[in-house]
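What follows is a short report on a single structure.
Each reported figure results from applying straightforward, stated rules to the coordinates on display, with no laboratory input. All figures in this text were calculated on a predicted structure; none of them were measured in a lab. Methodologically, a virtual Cβ is constructed for each residue, glycine included, from the backbone with ideal geometry; neighbour enumeration extends over all protein chains shown.
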Amino acid sequence: MRKTAIIFIGLVYFFSQAYTTDPVQGDKNQKQPLKRIVIDPGHGGSAAAAGKFYGASGKHMEEKDVALAIGLQLEKVIHEQIPDVEVIMTRTTDVFNSPIVKANKANAAKGDLFISIHCNDVGPTRHREVIGYTTRTVKRKGKKVTQRVPKYRTWYEPNLAQGTETYIWGVGKTKDKEEALMENNFSDTALLTIEKNDNPAMKMINSMRTQEFAKRSRALAETVEEEFVKAGRLSRGAKQRDEKGIWVLQAVAMPAVLIEVGFLSNPDEEAFITSPEGQLQIAESITKAIKRYKYSLELQVNGGKPSGK
Ligand SMILES: [Zn+2]
């Protein structure tokens, strides 16, 4: 086959199959682009098992426990409010899995959306002020000179940073995302007959999918932050982590966001995000955002009509 023919077939395949529909669900002609959500409660396991992945510690609770409680609450609220969506959890207990294992789980489940739950944490703010002077004598050019030396008081105050943030993967990491797609999404499709690596058609399809997933991830991140604001939370915005990237977000072959639900280092916010009421409110805000996201995807893939669910 000539290269142009391969690209053409690839593109036709992309537009017809990229957002496949489950024929059992809903109207036969209506595609359901969001069928399976992977929820990833961040961190997990003992400090010894998790090592550098252990996560933050609040005064009263650990990030891994807050993330799990909110993840499980979110699973419940999605079941109740969006019953046609399946939820897959990367963990349901206090267990450590490396980000690689979590990404593999999400990819094996063929999720349509990946949501990672975390808590923010900042160290205390250091303050220093001059509280007086002492003198000391030094020799300068053979002469004795008296110098004034300030005395300092140093103290720490809790950093009162607060609010929610939703991250998507950094633009610089787009190549990694394309690789995740290369390795995962088309392994069991007709396209397997076309050579996977260094194939121009596959490259073009994956690049288009990467762009589409980035667009979707950003749309959801912004919607999540909007819903937090509606619920009375302070939003620090939808963000992109460029330099560091967020490994797990770029390793999953699906749109992906990481939600920092609040600061464990802020006493008021810790009280809120560790309370059952706060956790329910957070799960409900995220679910509202998912509903809006799902609706807009359905409009997009079904030519202006939602799936009716
Ligand atoms: Zn974290």
May I ask you to compute the full-extension gain from Ser296 to Val149, defined as 0.36 nm times their residue separation minus their alpha-carbon distance, rounded to one decimal in nm? 46.4 nm
Protection proxy ranking, peptides 251-258, 120-127, 286-293, average beta carbon neighbours within 10 Å, highest first: 251-258, 286-293, 120-127
Proximal charge balance of Leu258 [Cβ under 9 Å; K/R count +1, D/E count -1]: -2
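Please report Glu165, Glu75, Glu157 as a ranked list, fewest other C-beta atoms within 10 angstrom at the top and most at the bottom.
Numbers: Glu165 22, Glu75 18, Glu157 9.
So the residues, fewest neighbours to most, are Glu157, Glu75, Glu165.
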What trypsin sites (Lys or Arg not before Pro) does the range 38-87 have in DSSP loop regions with at most 13 other beta carbons within 10 Å? Lys59
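Near Gln281, within a Cβ-to-Cβ distance under 12 Å, what is the net charge of the other residues, with Lys and Arg +1 and Asp and Glu -1?
On the way: positive: Lys230, Arg233, Lys288; negative: Glu227, Glu277, Glu284.
Surrounding charge for Gln281 is 0.
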